[in-house]
Structure formats: structure tokens, C-alpha cells
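Written below as C-alpha cells is the structure these notes are about.
The values are calculated or read from the model by the stated rules, or taken from the named source; none is laboratory data. Source: prediction; values computed, not measured. Cβ atoms come from the backbone with ideal geometry, glycine included; neighbour counts cover every protein chain shown. Heavy atoms of the whole protein, side chains included, go into the accessibility calculation; ligands, DNA and RNA do not. Shrake-Rupley method; radii C 1.70, N 1.55, O 1.52, S 1.80 Å.
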Amino acid sequence: MPSSPIRKLAPLANEAKRQGVKVYHLNIGQPDLPTPQKALDALKAIDRKTLEYSPSEGFLGLREKMVGYYAKFGITDIAPENIIVTAGGSEAILLTFLACMNPGDEMIMVEPGYANYISFAVTAGIVVKTVTSYIEDGFKLPPMEAFEEVITPRTRAILLCNPGNPTGAVYSPEDLRKIRELVLKHDLYLISDEVYREFVYTEEPYVSVMSLGIPDNAILIDSVSKRYSECGIRIGMIVTHNRLVYDTVMKYCQARLSPPLLGQIVAEASIEGTEEYSRESYKEYKSRRDFFIKGLNSIPGVYSPMPHGAFYTVASLPVADAEDFCRWCLTDFRMDGETVMMAPAAGFYRNPDLGRNQVRLAYVLCREDLQRSLMLIRGALKAYNHREV
């Protein structure tokens, strides 16, 4: 089980805070925007006498509202019976792996990729094969030949994250058409993590895996955590037309009894009547992206491609070992009593030789804090590369 590149340096950050140092967290995708007031009001207004189990598949009201939500994104053939509510997107991923693959089966994912996919694969006994995307071309989808090279008789699924964590890459309709043909050719599951669909900054229309016309192969992973700043309520979804997948996932769901009751109440209140909130959130993240990426690329030796979705970027730094640099920032570097926390990007790759000089950065802080973070990164790099060793 690998350590999380997002959280493994947390003890160092906690110690710095204990010493009175202010730490700017660029390491984790925890939005700083407020949760919709409508959702908070629903939480405060709970008048239940008993906090009961919910159905294992989640409350019908929440699933019905999700049907309407998906329709706004052109996903029009979803019914409540296609949706299973989970304890966050994390449980959705794990239960999908357990339902679709046996121990020893293989799954293909693009690297760099969300590090916890590996952890869930280890839990499920799945062998992960990777195809590599590169910072030089903006982490675009690798060619289909790269996928073909790693497909074996044990391959059962391809996993995509679109828009991407950690890179912010968005796959085009043409990319998805090619993946669709590959999936049909080899009769694979296509698992698509689409929790950042609200944050796509391209002119091209966003295409969901559920719109590819492969109902038996497509499985959608979703979550309300990022779009409504509700990471702590732990509400995600699995969406599928495949009845065997649905029924198998439900066995696991019944074993764990039910998804979070209070989280479902908050999530259901968030879906309708929050359109203006979503528009303002989109504008804010896009503005932060433009400001932050420009600032990163103004630092000598730093390069970040322009991410087209989500609120992350992977940047290369003028250091040989980004993890050592990230540790040093937390243990040794101080500028006016402040420092910055970043996630070493090597942990998002399976190949140990890749990403050694890269970090993943989340632009989830306000403009003022991002400005300060950029100054700290600039100062830290200068001090780190001129220190005596």
C-alpha cells in the first residue's frame, strides 16, 4: 500500500504550524469556497427524531435529483435505478473495482494519475498497468498504440479521470471516440471519474462516458465533494446501465449497510437552486487558474502547462528531487514566518523514474493566498538551490 503523496508530509506541516508557522496548502484539493447556504440550512433544519439507516443504494429523492442534474450535461438516459449512492467518490471507485475485477486482473490507467487509484487497486488485488502522458504536451491522452501495448488477456478495464487529477487535462470528444473503439474491440469496462465536470475551461463540448453509446461497458464515478465544497459529507455515486455490475456493487453496499445519512440530506439540498453558486464557483476557479499558472511560469526554471479543467496543475521545478524540496520547505524554509506545502508528483506515477522534479499544485486558495504562495515558491527555490549541502 503506497503512502499518499497528498497527505504523507502532513506531520511536517503540523509541526511547522505548532511552531507558529503559517502553511499555505497547495497540496490538497480542499476548496476554500463556502458550501452553498441552501445546503447548510438543510443540515441545520434536520428535525428527525432518529438518525436512521438509509437504503443501501441511497435515498430515492437524492437519486431522482441526480437524474435531473445529469440531464443538464446531456446525459439524458439515466434513471434513479442506474445510480448507487456511496460514501464519497472513494468508495465508488473501490466498489467498482471489487465488482468488475477479480484479484490478479489488470486495469489500465494514465499516469500521472490520482494516487488513491493505486491504493484502491491494491485493496482489491488488481494489477495496474499504466500509459504515460507528458508535461511537454500538456498531459494529453496517450495514443491508442500505447494502450494496445499493455493490454493482455487479464485486462478488464480502462480507468480515466476526466477532467484530470492531478494534471487538469480534459479529453476531447475525439479522444473519447478512440477510447470507445478500443473498449469495444477488447470488451473492457470503461470507468470514468468525472467529479470535476463542473470545471471545464475549454470551448469544446464536454463529453461524459455515459454519452458514448456503450451502456454495458461504461461506468461513471461521481461525487458532490468538489462542485459544492462538500468534501466532508462523503457523498459519491456509481452510475451504470450494466445490471450485473449494479447488482454486484449492491452486494457490497448491503454489506456496508448504507451511505451517510446526513451527507445525503446536504447533497440533495445542493443540487437544485444552486445554479448561480455553480456559475460563480466556475468563474472563480478559472480566474485563479489564469493567475496562478501565469505566476508559476514567471518563476525561473518552473514550467506548468495550462490545465483545461479541475483545479490542479503539475509543474516541473528546477530541482533534482521535488520530494526533498517539499520536505525542506516544511522543515527548514521560512519567509516572514510562512511556508508552502506541495504534493510531490512522483507519487502520482507508477514508473519510479518519472515525475521526480515535479509537484502537483491545487489552486484552491483565494487570489491573495495564491499570490503569497507564488512568492514563497520563488523564494524557496532560490534558497534551496543556493544552500550549502
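Under the shape rule built on the C-alpha gyration tensor, where the axes satisfy a ≥ b ≥ c, segment 313-352 is prolate, since a/c reaches at least 1.5 and a/b is greater than b/c. Dipole magnitude for segment 29-87: computed about the Cα centre from +1 point charges on Lys and Arg Cβ and -1 point charges on Asp and Glu Cβ, it is near 200 debye.
Basic side chains Lys and Arg get +1 at the Cβ, acidic Asp and Glu get -1 at the Cβ, and with that the dipole of segment 149-276 about its Cα centre reaches some 680 debye. Converting phi to 3J(HN,Hα) with the Karplus coefficients 6.51, -1.76 and 1.60 and the offset θ = phi - 60°, segment 331-336 yields 9, 10, 8, 9, 10, 6 Hz in sequence order, with x at every glycine or proline. In the chain, a dipole from Cβ-located charges (positive for Lys and Arg, negative for Asp and Glu) runs towards its positive end, and of Pro2, Gln19, Met66 it is Gln19 whose Cα lies farthest in that direction.
Database remark: amide H of Leu160 closer than 5 angstrom to the amide H of Ile191, Ser192, Asp193 (H placed geometrically; neighbours at sequence offset of 5 or more, or on other chains; Pro and chain starts carry no H).
Taking a probe of 1.4 Å, how large is the accessible area per residue of the chain, in Å²?
On the way: 16230 Å² over 389 residues.
For the chain, the per-residue accessible area is 42 Å².
Of Ala255, Ala92, Ala13, the residue with the greatest mean-square motion in the GNM of the chain, using alpha carbon springs below 10 Å, is Ala255.
Run the accessible area of segment 1-86 with a 1.4 Å probe and give the carbon-and-sulfur part as a rounded percent. Write out the running numbers ahead of the final one.
Values: 2570 of 4710 Å².
Ligands and nucleic acids excluded, carbon and sulfur give 55 percent.
In a GNM of the chain with a 10 Å cut-off on Cα contacts, which of Ile377, Ile75, Ile46 has the highest mean-square fluctuation? Evaluated over the chain, the most mobile residue of the options is Ile46. Please work out the C-alpha center-to-center distance from segment 6-57 to segment 285-344 and express it in whole Å. When both Cα centres are located, 23 Å separates them. Applying both filters, DSSP loop and at most 16 other Cβ atoms within 10 Å, to the trypsin sites (Lys or Arg not before Pro) of segment 173-257 gives Arg256.
Accessible surface of segment 110-150, 1.4 Å probe: 54 percent of it comes from carbon and sulfur atoms. A simple charge model with +1 on the Cβ of Lys and Arg, -1 on the Cβ of Asp and Glu and nothing else charged puts the dipole of the chain at about 860 debye relative to its Cα centre. For segment 178-319, the Kirkwood estimate of the hydrodynamic radius, built from every pair of different alpha carbons, is 17.9 Å. Using a 1.4 Å probe on the protein heavy atoms, what percent of the accessible area of segment 246-359 belongs to carbon and sulfur? Of the solvent-accessible surface of segment 246-359, carbon and sulfur hold 51 percent. A straight line joining the Cα centroids of segment 62-130 and segment 140-185 runs 15 Å. Dipole of the chain computed with +1 at Lys/Arg Cβ and -1 at Asp/Glu Cβ about the Cα centre; of Gly168, Ile46, Tyr282, farthest Cα towards the positive end is Ile46.
Using R0 = 51 Å, the C-beta based FRET efficiency linking Glu145 and Leu43 works out to 0.55. When the Gaussian network model of the chain links Cα atoms closer than 10 Å, the mean-square fluctuations of Asp369, Asp353, Asp187 top out at Asp353. Under a 5 Å amide H cut-off, with hydrogens placed 1.01 Å from N, Met237 pairs with Thr86, Asp222, Ser223 among residues at least 5 apart or on other chains.
Computed from the Kirkwood radius of its Cα pairs, the Stokes-Einstein diffusion coefficient for segment 127-257 at 20 °C and 1.002 mPa s stands at 134 µm²/s. Karplus-based coupling profile of segment 53-65, in residue order and whole Hz: 4, 9, x, 4, 8, x, 4, 4, x, 5, 5, 5, 5, with θ = phi - 60° in 6.51 cos²θ - 1.76 cosθ + 1.60 and x standing for Gly or Pro.
Each helix, a run of at least 4 DSSP H residues, gives -39500 (n - 2.57); summed and divided by the residues of the chain, these come to -12000 deg cm²/dmol at 222 nm.
Please list, ordered by chain and number, the residues whose modelled amide H lies under 5 Å from the amide H of Gly309; skip anything fewer than 5 residues away on the same chain. The answer is Tyr201.
Of the residues Ile179, Tyr134, Ser225, the one whose Cα sits farthest towards the positive end of the charge dipole of segment 110-256 is Ser225 (charges of +1 on Lys and Arg Cβ, -1 on Asp and Glu Cβ, taken about the Cα centre).
Just to confirm the filter: which GluC sites (Glu not before Pro) across segment 249-349 are DSSP coil and have at most 13 other Cβ within 10 angstrom of their Cβ?
On the way: sites: Glu268, Glu272, Glu275, Glu276, Glu280, Glu284, Glu323, Glu338; in loops: Glu272.
Listed in order of number, the matching sites are Glu272.
Site pair Glu136 and Arg177 shows an inter-label distance of 2.8 nm when each label is modelled 7 Å from Cα along Cα→Cβ.
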